[in-house]
1. Being among the aliphatic types (A, V, I, L, M), part of a strand (DSSP E or B) and modelled with pLDDT of 95 or more: is that true of Val30 here?
2. What about Lys7, is it among the charged types (D, E, K, R), part of a helix (DSSP H, G or I) and in contact (Cβ under 8 Å) with a residue 12 or more places away in the chain?
3. Given the range 200-251, what helices (runs of 4 or more DSSP H) lie entirely inside it while holding 2 or more residues that are modelled with pLDDT under 95?
4. From the residues in the range 139-161 that are touching a Ser or Thr at 6+ places or on another chain (Cβ under 7 Å) and part of a strand (DSSP E or B), which one is farthest from Ser115 (Cα to Cα)?
5. What is the one condition in (1) small (Gly, Ala, Ser); (2) in contact with a strand residue (DSSP E or B) (Cβ under 6 Å, 6 or more places away or on another chain); (3) assigned to a helix (DSSP H, G or I) that Ala45 does not satisfy?
Amino acid sequence: MAYNLLKGKKGIIFGALDENSIAWKTAERVHEEGGVFVLTNAPIAMRMGQINELAKKTGSEIVPADATNMEDLDNLVVKTTEILGGKIDFVLHSIGMSINVRKGRAYTDQNYDFSHKGWDVSALSFHRVMQSLYKADAMNEWGSIVALTYMAAQRSFPDYNDMADNKAYLESVARSFGYFFGKDKKVRVNTISQSPTPTTAGLGVKGFNGFISYAEKMSPLGNATALECADYTLTLFSDLTKKVTMQNLFHDGGFSNTGVSQEVMEHFV
Ligand SMILES: NC(=O)c1ccc[n+]([C@@H]2O[C@H](COP(=O)([O-])OP(=O)(O)OC[C@H]3O[C@@H](n4cnc5c(N)ncnc54)[C@H](O)[C@@H]3O)[C@@H](O)[C@H]2O)c1
């Protein structure tokens, strides 16, 4: 159902790789709600991905940007304001990657070059994106910036590896930059802590099938899907949440506040 929640709003959506991506679903839903946006992803991801299809479907332009490269990000911000004809109202940072995870390195056996790269892509990139927007004064007042995160930032999940540390950093950046963006530009900054979701990034986590089934059984409302995450993100882009900022918001069917569920206990009786 569409409510025209984002009519007249302009934005940037990072991270739509394929139709499973949370960013892909978000782009489709933003479009349905009347928002317009530029799609962006790392140049290498574009060659593999199907982003052109999404651009066509949503009437959007694509501006490639590696989220670890300031020149790319500054160019993206300038181009977006040109393409959309004005300042930006919403930004989705939906970016994550760990080379340690990809190469099967245990948390106790990290390659620090991999750690460094993963941190730059997954965590520092959020600061980079915001600094670029802030310095260019590219956000409209009461704009909204959202990044996606996972509860391994608060609690340990052995196979989430160095992404846990990257997410903790990401969430801290949301609070720290959120202060300045709020004070100086009246822009809100939040992270959404999403349930495990079967995407390229999600499926890369070792033991993902066990992980997602366990979360499903632990969550009173069941796991949140990518589409439900998109819907929640829209509320944060809308004018209905203007005073929500510097928060890490759990979108997980209640998982994060559940000690144990009946279904999980039944495995042990
Ligand atoms: N899937 C899950 O279980 C889950 C759960 C909680 C949070 N998240 C988070 O959601 C976000 C989106 O991931 P997803 O699950 O939709 O997977 P996805 O693989 O579809 O998206 C990850 C995106 O990051 C992009 N990316 C990687 N390196 C980049 C770079 N240098 N510059 C720009 N973009 C780059 C990829 O191209 C891809 O589009 C990530 O932050 C992820 O950690 C995912």
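1. Working: among the aliphatic types (A, V, I, L, M): yes; part of a strand (DSSP E or B): no; modelled with pLDDT of 95 or more: yes.
Judged against the criteria, Val30 is not a match.
2. On the way: among the charged types (D, E, K, R): yes; part of a helix (DSSP H, G or I): no; in contact (Cβ under 8 Å) with a residue 12 or more places away in the chain: yes.
Here the answer is no, as Lys7 does not meet what is asked.
3. Values: elements: 200-203, 208-218, 226-237.
By residue number, 200-203, 208-218.
4. Here the residue is Val146.
5. Answer for Ala45: the failing condition is (2).
This table checks each residue for (1) under 28 Å from Leu240 (Cβ atoms); (2) within 14 Å of the ligand (Cβ to nearest atom); (3) at pLDDT below 95; (4) crowded, with 19+ Cβ neighbours inside 10 Å.
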{"position": "Gly8", "(1), (2), (3), (4)": "yes, no, no, no"}
{"position": "Ile13", "(1), (2), (3), (4)": "yes, yes, no, yes"}
{"position": "Phe37", "(1), (2), (3), (4)": "yes, no, no, yes"}
{"position": "Arg47", "(1), (2), (3), (4)": "no, yes, yes, no"}
{"position": "Leu54", "(1), (2), (3), (4)": "yes, yes, no, yes"}
{"position": "Ala65", "(1), (2), (3), (4)": "no, yes, no, yes"}
{"position": "Met70", "(1), (2), (3), (4)": "no, yes, no, no"}
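The values are calculated or read from the model by the stated rules, or taken from the named source; none is laboratory data. In this text the structure is predicted, and so the values were computed from the model without any measurement. Using ideal geometry, Cβ is built from the backbone for each residue, glycine included, and neighbour counts are taken over all protein chains shown.
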